[in-house]
Amino acid sequence: MFDKILVANRGEIACRVMRSARALGYRTVAVYSDADADALHVQQADEAVHIGPAPASSSYLKIDALIDAARRSGADAVHPGYGFLSERADFAQACADAGLVFIGPPPSAITAMGDKAQAKRRMREAGVPCAPGYLGERQDDATLAAMAAELGLPLLVKAVAGGGGRGMRLVRQMDELPEALAGARREAHSAFGDGRLMLERLIEHGLHIEVQVFADAHGNAIHLGERDCTAQRRRQKVIEEAPSPVVSPALREAMGRDAVAAALAVGYRGAGTVEFIVDADLKHYFLEMNTRLQVEHPVTECITGLDLVEWQLRIAAGEPLPLRQDEVRFSGHAVEARLYAEDPYSGFSPQTGRVAWWRPQRALQAGVRIDQGIAEGGEVTPFYDAMVAKFIVHGRDRAEALRRLGAALEDAPLLGLKNNGRFLRDLLRHEAFAASQMHTTLIDDWAQQGEPLLQAPLPSDEAWAVAAAVRAARGGTGQRSAGVAAFDLHLACGDTQRALRVHPTPQGIEVRHDGRPTRVRLLSHTDGELRYDIDGVQRRCVCVDDGQTLRLVLQAAAFDFQEPSLFAADDVLTDATRTRAPVAGVVAQVRVATGDVVVVGQPLVCVEAMKMEMWLHAVADGKVAALHAQPGDQVASGALLVEIELRN
């Protein structure tokens, strides 16, 4: 039915789809925005078509541009990936109207499940259990407030359209409701073009369990087991695993039966995921159905031995399901960790910048798979999701899988911008995760409680000594030679500076700090891998030094060392009179006007980037002297947004 597939997406999912498509003999077409001209998915496709400027609204979300790209390239099928237009019925319909095969469910199924309120009504009719909530058409604040009071707290405010945690707010006190409604509406409008909301009773300490389903055009539907996606932060999944360590055979059968019933109730076709919340009594309630492939589908592939993208392509070509329910087999345990360009030690704030070093092949051992959407030298921009890669491992049991995943995260660090690699490794080792005692808000609770897991690791004395030895061996940034007598070397890492006494000797490089000597012998330094001997113990680590920044990775923690100037630059000094954008993004809200009096802590401007809203607050009392931003403005990182005249 088709020979050439246009992948209407980007990043790792576009690469993933193209890999299976080409294995089946299909030609592939990538699409790209201005920001993605040199992206990995563009390089891996047989053809690539430019579709517009960097913002997704001007490129990846433009249906006409994608249909035209298919026409220009001669593609006769479209795979939507996930995110962007993957759950838009109008996109599926536009593909059909253009004579293109849409590799996904029919528009009617997307419509039925895309409206979260309508979907829950359908599920209730089909006998699928749902959590209590308000699914009504009346959307005024007074009605929503009255229904919230009737449902009781805590509850979730959720966007009726879309998914992925967008347009969702948690409300624990009634006075939080107005801001939650406003924020959820605003985010839902921005992400989905639909600001309608629903309310749902929060299942405290719930588990997020989802079931992979497949249906064909011949009336067959089966499930491929469950995935546990309970480890989340801000309703965004962090680690997923299959099977769930807390799901019993009886619960698995019940959820599988309800998931298949959900798919059949809407005439589903292709790959879909039915998401459930499971309470403390292990009772499950329908949350939503994602009418697409999920980010975490690889863990299901690992335990079933199946290629889910291949199944999607075969079903789209009209073939029946390859297996019956009783023929599905599960083997071992699989875990996936999402590598994000974010700072977990600063509220998981998104990061942008160029990837200085990324060699994932170093971690590819037995049972390890890495799906990536960026290559070394590539740039993470503020226009799209902050996920850059997925680490997926398979083991005989959960303990083996977790051990392999921790080792892979240590062996394949990403350098050049902050990311959550070390946090992921530490989370795997946390007693709550190891004992399967997570719930969907636990990581957020830890952030409020000062959990050590969310405190940035500091470089050890060994890290300082190794960094000093590497700099001394290459002569530092000045004119000194490694063969000269002892000298002082000043290094900075983050906000910490150290004066180190370095003495090159035939036996190695002696590094002293506060009078304590450490002897480092550099054994080899090739392709970023450093082998060294420290006080008689040989170790290896990743060490990349471009002459300005020395990047050192020990146990998955990356540290940037530099030789600081003795004089602080004016532009890095704290200035309470100027509020600047923390990252490149879009101005979502402006809460002040020129001439307004402000006090410490007052919200000024909200910048949205990578699916996250970041509020900037006044750091001193004063008056707004000038305003340089309006809602909708695209701003660069460090851009001046507000000027404050300080109060005398």
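Here, each number is a calculation from the coordinates, and none is a lab measurement. Since the structure is predicted, the reported quantities are computational estimates derived from the model, not experimental observations. A quick note on method: Cβ atoms are made from the backbone with ideal geometry, for glycine too, and the neighbour counts reach across all protein chains shown.
Quick notes on this structure:
- Note on the stretch 50-189: Kirkwood radius taken over Cα pairs, Stokes-Einstein applied at 37 °C and 0.692 mPa s, translational D equal to 191 µm² s⁻¹.
- One chain, two ends: GLN118 and GLN361. Fully extended at 0.36 nm per residue, the span grows by 83.0 nm beyond their Cα-Cα distance.
- The translational diffusion coefficient of the stretch 263-397, from Stokes-Einstein at 37 °C and 0.692 mPa s with a Kirkwood hydrodynamic radius over alpha carbon pairs, comes to 184 µm²/s.
- Projected area, mean over directions - the stretch 461-562, Cα convex hull, nm²: 6.1
- Computed from the C-beta positions of ALA126 and ASP397 and an R0 of 41 Å, the FRET efficiency is 0.70 to the nearest 0.05.
- Fraction of antiparallel bridges per DSSP, the chain only, in percent to nearest 5: 90
- Computed E for ALA485/ARG138 - FRET, C-beta separation, R0 56 angstrom, nearest 0.05: 0.10
- Potential lengthening between LEU453 and ALA149 on full extension [0.36 nm per residue; Cα-Cα distance subtracted]: 105.9 nm
- The Cα center of the stretch 325-364 and the Cα center of the stretch 57-91 differ in position by 26 Å.
- Taking label points 7 Å from Cα along the Cα-to-Cβ direction, GLN538 and ASP445 give a separation of 4.7 nm.
- In summary, the lysines within cross-link reach of LYS62, defined as a Cα separation below 20 angstrom excluding same-chain residues under 8 places away, comprise LYS611.
- Value at 222 nm in deg cm²/dmol, rounded to 500, when DSSP H runs of n ≥ 4 in the chain each add -39,500 (n - 2.57): -7500 deg cm²/dmol
- Between LEU170 and LEU523, the FRET efficiency from the beta-carbon distance, with R0 = 60 Å, is close to 0.70.
- Length available on full extension from VAL600 to ALA499: 0.36 nm per residue minus the Cα-Cα distance, which gives 32.7 nm.
- Within-10-Å neighbourhood charge of ASP545 [Cβ basis; K, R +1; D, E -1]: +2
- Every Cα-Cα pair of the chain was included, and the share exceeding 44 Å stands at 25 percent.
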